[in-house]
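Below is one structure, written out as structure tokens; comments come after it.
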2 protein chains.
Amino acid sequence: MASAKVYVTLKEGIADPQGLTIMRALKSLGYEEVEDLRVGKYIELKISGYDARRIAERVREMSERLLANPIIEDYRVEVEE
Amino acid sequence: MASAKVYVTLKEGIADPQGLTIMRALKSLGYEEVEDLRVGKYIELKISGYDARRIAERVREMSERLLANPIIEDYRVEVEE
């Protein structure tokens, strides 16, 4: 069985209020060194029955259709056999 | 400025209803090959003023205190200078 990882992040220029709130909370705890913070999703899939190239293709398709919102989010796919 | 990435995932054995829902939705779209799916968080930070070793230490501390819930979540920290 292969494993695939999908990293979904907001596109540059899209506001991230959740990230801003976390950054402010960190600063209030004394972590003044945090200059920026963005929150994304990290999705791990176990996949059977295809080779790595085809898995990457199909997981990119899943990302376009369901895992990410391509209007406001970027995604990156990694496959490990 | 350095960048740090934190990957937060549910510990093994902790139920992931969100992941299950997404997996079922993928299967209903025809992606029958998905055997398991878990959703985590992916946090990107920009950090100034420390070297990589100290950044890794402080970001692990941030993870313990705020970014992850160590009772039910694991986290992994990567630092790039």
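The values are calculated or read from the model by the stated rules, or taken from the named source; none is laboratory data. Source: prediction; values computed, not measured. Neighbour counts run over all protein chains shown; Cβ positions are idealised from the backbone, glycine included. Note: areas computed on protein heavy atoms with side chains; ligands, DNA, RNA excluded. Shrake-Rupley method; radii C 1.70, N 1.55, O 1.52, S 1.80 Å.
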Can you grab the distance from the C-alpha centre of region B:34-81 to the C-alpha centre of region A:10-32, Å, no decimals?
-> 14 Å
Taking a probe of 1.4 Å and leaving out DNA, RNA and ligands, the protein assembly as shown shows per residue an accessible area in Å² of 55 Å²
Charge context of B:P70, other residues only, Cβ under 15 angstrom, K/R +1, D/E -1 = 0
Mean per-residue count of partner chain Cβ within 10 Å for A:43-54 equals 4
What FRET efficiency, computed as 1/(1 + (r/R0)^6) with R0 = 22 Å and r the Cβ-Cβ distance, is obtained for A:D36 and B:D74, rounded to the nearest 0.05?
-> 0.35
Can you give the angle from 0 to 90° between the axis of helix A:17-28 and the longest principal axis of chain A, with both taken from C-alpha atoms, to the nearest 10?
-> 50 degrees
Helix A:52-62 sits off the longest principal axis of the Cα atoms of chain A, rounded to the nearest 10 on a 0 to 90 degree scale, by 60 degrees
How high is the relative contact order of region A:2-80, in percent, with contacts defined as C-alpha pairs under 8 Å that are six or more residues apart?
-> 52 percent
Between copies, how far apart are the B:Q18 label points? List them in nm, one decimal, shortest first, with each point 7 Å from Cα toward Cβ, please?
-> 0.5
Tell me, what % of the accessible area of chain A is carbon and sulfur with a 1.4 angstrom probe?
-> 48 percent
Would you kindly work out, in nm and rounded to one decimal, the distances from the label point of A:E78 to those of the same position in each other copy, ordered shortest first, with label points 7 Å along Cα-to-Cβ?
-> 0.4
In this model, which of A:K11/B:K27; A:K46/B:K46; A:K41/B:K46; A:K27/B:K5 are farther than 21 Å apart at the alpha-carbon?
-> A:K11/B:K27; A:K46/B:K46
Starting from region A:5-53, pick out the trypsin sites (Lys or Arg not before Pro) whose DSSP state is loop and whose Cβ has at most 14 other Cβ atoms within 10 Å.
-> A:K11
Rh (Kirkwood; distinct C-alpha pairs) - chain A, Å = 14.3 Å
Name the chain A residue with the Cβ nearest the axis that maps A onto B: which is it, and what is the distance in angstrom?
-> A:Y42, 2
